[in-house]
Amino acid sequence: MRWKEQLLTLTPYQPGKSIESVKKQYNLEHIVKLASNENPFGCSKQALAALQSNPAGLAIYPDGYATNLRETLSAFLQVEEEELIFGNGSDNLIQIISRALLHPDANTIMAAPTFSQYKHNAVIEGAICKEVPLVNGDHDLDAMLAAIDEKTNIIWLCSPNNPTGTYIPENKLVAFLEKVPADILVVLDEAYYEYVIAEDYYNSIDLTRGFANLIVLRTFSKIYGLAALRIGYGVANRSIIKALEPAREPFNVNSLGQLAASAAIEDKEFINNCKEKNRQGLEQFYQFCTKNGLEYYPSQTNFILIDCKMDGNKVFQGLMEKGYIVRSGNALGFPSAVRITVGSLEQNEGVLRALGEFLAQN
Ligand SMILES: Cc1ncc(COP(=O)(O)O)c(C=O)c1O
């Protein structure tokens, strides 16, 4: 078969280890998974209740326009319904955008390290990736501007960035957007937006009004705790949404996800509570790092990247043997670090105790 040549260079996404497989392998009773930046507190009870109600039933295709969710979200965000696009997770939106704009004669600019799916999809489309190294964990926006040429079709910004957890300050973002040519799409991936506590964080939805080439991506997989149901959305000027829509499969957002996401938006108390517990959890990590002389990036997300000054794979392995699944920084572009999702108070205490023991022994 004549596969696209670039596919042969790619490996499938490596998911974090499953709890069951680790239990079996290390003969452990209790495992805590802090590897995929999921919400340790689950999801809103209102979302769970909505799932029971699925009025249309499973034999019926989902609403391809996501009418109810679209109405709820447009009221919540104060945007027009035509300014929204939905995806089977924001992963799917990254794929749709890449499909719509990238090809072998185009290039795309992104930070490095950043979320892996921008590059993955660009490679599948045969586009050239211009990866611009982070500086101290931050996007180097000047270097990203300098990388633009007449074949640049998309620039990816991840704020807060995965895996560093750092964000782009408003003045820098606006100055950057002012300089990007209007025919290049800027994708601002805000998967962790709801966790942000920085007071000078920008209002990205407002920015889409001033910059007609900006699309903001968000997700119900993180603070909303609905990762299994796969719902992401994009907000942009209606002409961008109109251009992207034909690249979206008609029934990409499932019925249960639509129901749960609509209900989840209404439960502001759950979100505020998770945000506050996450803030407290991050403090636990900061204190541990300070006490143990470990460097980290202050995080605006529900994860933290800690430099353990040794092979991240070894730390990953050591923690796994103690019942904690985290993410080795090796695969994320930080070979001496681990990325740990902020869990509940007890989970954080546990993983930090395990990390302390491991570091003392090694
Ligand atoms: C920065 C970023 N963007 C997008 C995603 C994809 O999220 P989902 O497809 O679950 O909406 C993730 C998931 O970890 C992420 O970290």
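Using the Cβ atoms and a cut-off under 14 Å, what net charge is assigned to the surroundings of G234, where Lys and Arg are +1 and Asp and Glu are -1?
On the way: positive: R70, R99, R218, R238, K242, R248; negative: E80, E81, E82, E83, D91, D189, E190, E245.
Once all neighbours under 14 Å are counted, the net charge is -2.
If I take every Cα pair under 8 Å that is 6 or more residues apart in segment 176-287, average their sequence separation and divide by the length, what percent do I get for the relative contact order?
24
Using a Gaussian network for the chain with springs between C-alpha atoms less than 10 Å apart, which of these wobbles most: A247, A47, A236?
Among A247, A47, A236, the largest GNM mean-square fluctuation belongs to A247.
So which lysines can K151 reach, going by Cα to Cα under 23 Å and dropping same-chain residues fewer than 8 places off?
Straight-line reach from K151, under 23 Å: K4, K119, K130, K179, K242.
In nm, to one decimal, how far is the modelled label at W3 from the one at A112, with both set 7 Å along Cα→Cβ?
The answer from the label model is 2.3 nm.
What is the sum of charges, Lys and Arg at +1 and Asp and Glu at -1, for the other residues whose Cβ falls under 14 Å from the Cβ of N107?
Local net charge: -3.
More than 39 Å apart: what percent of Cα pairs in the chain qualify?
Cα-Cα pairs in the chain separated by more than 39 Å: 15 percent.
Over segment 284-362, what is the relative contact order in percent, taking alpha-carbon pairs closer than 8 angstrom and at least six residues apart?
Answer for segment 284-362 is 28 percent.
How big is the charge dipole of the chain about its Cα centre, in debye rounded to the nearest 20, if each Lys and Arg gets +1 on its Cβ and each Asp and Glu gets -1 on its Cβ?
Here the size comes out at about 1000 debye.
Relative contact order for the chain using alpha-carbon pairs under 8 Å, separation at least 6, rounded to a whole percent?
Values: 667 pairs, mean separation 84.5, N = 362.
Value for the chain: 23 percent.
Counting only pairs 8 or more places apart or on different chains, how many lysine pairs in segment 265-343 have C-alpha atoms closer than 20 Å?
Number of lysine pairs found: 4.
What is the sum of charges around Y195, taking Lys and Arg as +1, Asp and Glu as -1, for the other residues whose C-beta is under 11 Å from the C-beta of Y195?
Here the count lands on +1.
Ordering H139, H103, H120 from largest to smallest accessible area (1.4 angstrom probe), what's the sequence? Working shown, then result.
Numbers: H139 25, H103 80, H120 45 Å².
Result, largest first: H103, H120, H139.
Does segment 64-205 classify as rounded, prolate or oblate by the C-alpha gyration tensor (a ≥ b ≥ c root eigenvalues; a/c under 1.5 gives rounded; else a/b over b/c gives prolate, otherwise oblate)?
Oblate is the answer for segment 64-205, as a/c is 1.5 or above yet b/c matches or exceeds a/b.
Going by Cα centres, segment 104-145 and segment 28-87 are how many Å apart?
Measuring centre to centre over Cα atoms gives 29 Å.
Highest mean first, how do 240-246, 219-225 rank when packing is the count of other Cβ atoms within 10 Å averaged over residues?
Descending mean neighbour count gives 219-225, 240-246.
With label points built 7 Å along Cα→Cβ from the Cα atoms of A228 and T67, find their separation and express it in nm.
Using points 7 Å along Cα→Cβ, the separation is 2.9 nm.
The values are calculated or read from the model by the stated rules, or taken from the named source; none is laboratory data. These figures come from a predicted structure and were not determined experimentally. Cβ sites come from the backbone with ideal geometry, for glycine too, and all protein chains shown count toward neighbours. Heavy atoms of the whole protein, side chains included, go into the accessibility calculation; ligands, DNA and RNA do not. Shrake-Rupley method; radii C 1.70, N 1.55, O 1.52, S 1.80 Å.
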